[in-house]
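Trainee: There's a structure below that I have some questions on.
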Amino acid sequence: MKPLRIILWIAVASLGASALGVLALSRGEEPSVLWFVVAAVCVYSLGYRFYSRFIADRVLELDDAHVTPAIRLDNGRDYVPTQKWITFGHHFAAIAGPGPLVGPVLAAQFGYLPSTLWIIIGAVLGGCVQDFVILGYSLKRDGRSLGRMASDEIGPVAGFTALVGVLMIMVILIAVLGLVVVNAMKHSAWATSTVSATIPIAMLVGIYMTHLRPGRLVEGSALGVGLVMLAVFGGRYVEGWRIGHYFVMDAPALSVWIIGYGFLASVLPIWLLLAPRDYLSAFIKIGTIIALALGIVVMHPPALMPPLTQFTNGLGPVFGGKVFPFAFITVACGAISGFHSLIASGTTPKMLEHERDARLIGYGAMLMESFVAVMAMIAAVMLQPGVYFAINSPAGVVGTGPAAAEKISSWGYAVTDAHMQELAADVGETSLYARTGGAPSLAVGMAHIFASSLGGKSVMALWYHFAIMFEALFILSTLDAGTRVARFMLQDLLGHIYAPLGDSASYVNIVATSALIVSAWGYFLYFGTIDPFGGINSLWPLFGIANQMLATIALCVATSAMIRSGKARYAFVTLIPLSWLVAVTMTAGVEKIFSAMPNVGFLAHAATLAAEAAAPGVTDSRITEVTRLIWNDRIDAAMTAFFIAVVIIVLADSARVWTNLTLGSSSSTRKPNQVAA
């Protein structure tokens, strides 16, 4: 059997290399998008079979004989032993937010090749490694948070710096996630009713599997999935009901409900709401992605976007910046995400029953998220390039209507106003011009795939609105887990100031810190919905860079833990992605502050706006608007500089520790399974 297995894996490797070769070397042709799927599946299979096993056995030395924190510290609220598939569902739902859905769509302006290679290879060597290693080391350290591990593994300076920096990044990330959810759900009874229904359904399933029928995973799953599917497809008709108007909300009203939900998800026992809701959401997420993949196999359409476009030069209409570093920043969670390290050191290690399950959950869930990103890239590149740019380019860059179509066609990507009007009518929209952000074009691509294989053009509007609802459901499960993890981190930070404030067993502390965290991101979210230039809108541009800088911090912690555990010879596992991320994030950060291109640099954009305000004939209202935008640019520049400083401090302190340990300070090393004091 062994020779057959060797032959099989050689065949998988050869097929994967061939698929990547087709995508990389296609010039002037339109390769089938099936090659994207083949390349991803083959590389993922190799990574999981060999690399993740190497990390589990040699680096982390996972052993089911070790008692996990969930069992040893079980308190029925945060530490709760949970079946591995429920934990997988929670973890996947918590890490899979807007990044893998919209990041690849936006990065497609450079062509499909750079981002696709980064999504597939970057996930196997970077994102999966970060998630798995952080989860493994947190498991061996009582489920400690990333900030606490930074203090233990690197030192008090890096630890406190990381805690403060990471907590600030968390507030920004959660507020951004909230705004994405609000924008997807506002004025949509289908989306709002479906998402609302998942909350009581999750609580019912949590009670059923914890108290009524403990251990009956299949029964609980069937009950929950059946009810969620009923909510998904029944939600289409809610707007026509007598109570339908209650689910048609504007953005401020939705933000208040989401803030309230975030608070509940943070304070209630994890088995009651968060874990079952994420588990059930994972069925919808993974089921939809698998259905999308099957539709692609059936259709096998060509990739109409070229491998590389002229916009690699930094003058792209979707967003400014050259392919390096901004393609890798924009893809975000599709390849590696710092946010994942917070889940991997937050809720997940407090749920695992067996150490070796960390391989499936840490490495495997990130592979699934990377596959989501591949599906999003396919949905973008199978559109006509002219249609893609018409949807994703801001009106201020290309205009709207015939003028936009004419300008985009002049770039070599033919599109007509008649075609755009027809497409909008097909999906039930009045216009698809300048529908920026990536989500609308993703929904158009998904609707095209589903309609072509299930129902035809007549149901394209149905699938389009299903895709919008799916995006809202997809993202909300990241917001709730993020809030709970941020609460853990705030408790760690307050514990530095006054030890009793860090007591995670105190329900008073739990409620108080949850309220503080929710108030912080809720403030930015709410004011972002009532003021187009305020709240989280002013910090939105920081989302991608902050997230990747967070991954840099996480890999510093992972490398330090590895070396302290006597595994310095395997440090290349984390140093390879760390080196790449340092190059990417530092370059992006410096360019966002100091670039002379107004579509890239914050300060250059502020100077352009100031010149506009000083010009004669500018109205008072425009001057007021420009003044707000200038303030936002300067705040963004200052925050970027702050995050760069945080990363430099953590990196420098980490390098000091690595040097001391490598030069023989054996007293600073500990055995792999020894918990830090």
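The values are calculated or read from the model by the stated rules, or taken from the named source; none is laboratory data. Given the structure is predicted, the values throughout are model-derived calculations rather than measurements. Counting neighbours? That spans all protein chains shown, and the Cβs are built from the backbone with ideal geometry, glycine included. In case anyone asks, the SASA skips ligands and DNA or RNA and just uses the protein heavy atoms, side chains included. Shrake-Rupley method; radii C 1.70, N 1.55, O 1.52, S 1.80 Å.
Trainee: If Lys and Arg each add +1 and Asp and Glu each add -1, what is the summed charge of the other residues whose beta carbon sits under 12 Å from the beta carbon of Y51? It would help to have the intermediate numbers written out before the result.
Mentor: Details: positive: R49, R53, R58, R359; negative: D57.
Cβ neighbours under 12 Å give a net charge of +3.
Trainee: Mind scanning K407/K592; K322/K407; K322/K592 and naming the pairs with a C-alpha gap bigger than 23 Å?
Mentor: Check vs 23 Å cut-off fails for K407/K592.
Trainee: Still on this structure, I have one more. Just to confirm a number: summing +1 for Lys and Arg and -1 for Asp and Glu over residues other than I270 whose beta-carbon lies under 11 angstrom from that of I270, what do you get? It would help to have the intermediate numbers written out before the result.
Mentor: On the way: positive: R77, R277, K350, R484; negative: D78, D278, D480.
With Lys, Arg at +1 and Asp, Glu at -1, the net is +1.
Trainee: Of K2, K350, K322, which has the most accessible area and how do the rest follow, probe 1.4 Å?
Mentor: Numbers: K2 135, K350 15, K322 105 Å².
From most exposed to least exposed: K2, K322, K350.
Trainee: Summing -39500 (n - 2.57) over the DSSP H runs of n ≥ 4 in the chain and dividing by its residue number, what mean residue ellipticity at 222 nm do you reach, to the nearest 500 deg cm²/dmol? Provide the component values of the computation, followed by the final result.
Mentor: Numbers: 27 runs with 446 residues, N = 677.
Helices in the chain give a 222 nm mean residue ellipticity of -22000 deg cm²/dmol.
Trainee: Mind running the shape call on the range 93-194? Use the C-alpha gyration tensor, a ≥ b ≥ c as the square roots of the eigenvalues: rounded below 1.5 for a/c, prolate if a/b tops b/c, oblate otherwise.
Mentor: Because a/c hits 1.5 or more and a/b fails to exceed b/c, the range 93-194 counts as oblate.
Trainee: Using only the alpha carbons of the range 1-157, determine the length spanned along each of the three principal axes and report them from longest to shortest in whole angstroms.
Mentor: The Cα atoms of the range 1-157 stretch 60, 45, 32 Å along the principal axes, largest first.
Trainee: Same structure, new question: Enter the per residue convex hull volume of the range 216-255, computed from alpha-carbon coordinates, in Å³ rounded to the nearest integer. Write out the running numbers ahead of the final one.
Mentor: Details: hull volume 3.6 nm³, N = 40.
Measuring per residue, one finds 91 Å³ for the Cα hull of the range 216-255.
Trainee: Right, something else. Probe radius 1.4 Å, ligands and nucleic acids ignored: give me the carbon and sulfur share of the accessible area of the range 31-75 as a rounded percent.
Mentor: Heavy-atom surface of the range 31-75 belonging to carbon and sulfur, 1.4 Å probe: 59 percent.
Trainee: Still on this structure: Roughly how many Å is it from the Cα centre of the range 362-411 to that of the range 55-75, as a whole number?
Mentor: Distance between centres, Cα-based: 43 Å.
Trainee: Sticking with this structure for a sec: Once ligands and nucleic acids are excluded and a 1.4 Å probe is used, how much of H419 is accessible, expressed in Å² to the nearest 10?
Mentor: H419 exposes around 70 Å² with every protein chain in place.
Trainee: Taking 7 Å along the Cα-to-C-beta vector as the label spot, tell me the Y523-Q421 distance in nanometres, rounded to one decimal.
Mentor: The two pseudo-label positions are separated by 4.9 nm.
Trainee: Also: In the range 401-486, what is the volume of the convex hull around the alpha carbon atoms, normalised per residue and reported in Å³?
Mentor: It comes to 123 Å³ per residue, whole-number rounded.
Trainee: Continuing with this model, one more query. So how far, in whole Å, is the C-alpha centre of the range 469-496 from the one of the range 15-34?
Mentor: With the range 469-496 and the range 15-34 each reduced to a Cα centre, they are spaced 39 Å.
Trainee: I've got another one for you. May I ask you to list the trypsin sites (Lys or Arg not before Pro) in the range 227-319 that are in a DSSP loop and have at most 14 other Cβ atoms within 10 Å of their Cβ? Could you put the intermediate results ahead of the total?
Mentor: On the way: sites: R236, R242, R277, K285; in loops: R242.
Here the trypsin sites (Lys or Arg not before Pro) that fit, given the DSSP loop and packing criteria, are R242.
Trainee: Per-residue counts of other Cβ atoms within 10 Å, averaged by peptide: what ranking do you get for 333-346, 130-143, highest first?
Mentor: Peptide ranking by packing, descending: 333-346, 130-143.
Trainee: Order these peptides, 199-207, 401-409, by their mean beta-carbon neighbour count within 10 angstrom, highest first.
Mentor: Per-residue Cβ counts within 10 Å, averaged per peptide and sorted highest first, yield 199-207, 401-409.
Trainee: Label-point separation (nm) for V511 and H211, each offset 7 Å from Cα along Cα-to-Cβ?
Mentor: 1.9
Trainee: Run the quick spin-label model on S409 and N599: label points 7 Å from Cα toward the beta carbon, then report their separation in nm to one decimal.
Mentor: Modelled inter-label distance: 2.1 nm.
Trainee: So what is Rg over Rh here for the range 318-396, counting just Cα atoms and using Kirkwood for Rh?
Mentor: Radius of gyration over Kirkwood radius for the range 318-396 works out to 1.12.
Trainee: For the peptides 173-180, 351-358, what is the packing order when you average, over each peptide's residues, the other Cβ atoms within 10 Å and list the highest mean first?
Mentor: Ranking the peptides 173-180, 351-358 by packing returns 173-180, 351-358.
Trainee: Here's a follow-up. Measure out, as a whole number of angstrom, how far apart the alpha-carbon centroids of the range 196-245 and the range 603-637 sit.
Mentor: Value for the Cα centre distance between the two parts: 49 Å.
Trainee: Could you give me the ³J(HN,Hα) list for the range 133-143, computed from phi with Karplus coefficients 6.51, -1.76, 1.60 and θ = phi - 60°, whole Hz, x at Gly and Pro?
Mentor: Per residue, the Karplus-derived 3J(HN,Hα) values read 5, 4, 4, x, 6, 5, 4, 7, 10, 6, x Hz.
Trainee: I need the phi-derived Karplus couplings for the range 318-330: 6.51 cos²θ - 1.76 cosθ + 1.60, θ = phi - 60°, integer Hz, Gly and Pro marked x.
Mentor: 6, 7, x, x, 6, 4, 9, x, 7, 4, 7, 6, 6
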